[in-house]
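K.L.:
One structure coming up, written as structure tokens, with questions to follow.
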Amino acid sequence: MKINTSTKVDEDWRKFLYERKEADITAIIEEEKLKTEETRRFIDNAFRDGSLKTKGTAVDKKSLLRNFHRAVATALRKIAFL
């Protein structure tokens, strides 16, 4: 990506972050063999709430998100440092 006087830096930055977030989440879902819809909802809620829940119905449903503690924590750390 090039930056010059005609570049829309804010817009380009938001686009880059969104694309990177999506790529990271997709990779983690595939690598950890997580359920896509449930995992995305869980991650979206974590960003919305500003915290990662470790108890409750989303966590208690063992078949809902296998290995989610490690995978989601890894995803949030990767995305948070973009």
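K.L.:
Which length gain, in nm to one decimal place, applies between Arg40 and Thr74 when the Cα-Cα distance is subtracted from 0.36 nm times their residue separation?
P.N.:
10.9 nm
K.L.:
Can you order the peptides 31-40, 7-16 by their average number of other Cβ atoms within 10 Å per residue, highest first?
P.N.:
The packing order, highest mean first, is 31-40, 7-16.
Laboratory data are not the source of any read-out in this text; all were calculated from the coordinates shown. Predicted, not measured: the structure shown is a model, and the values here were computed from it. When we count neighbours, we look across all protein chains shown, and the Cβ atoms used for this are built from the backbone with ideal geometry, even at glycine.
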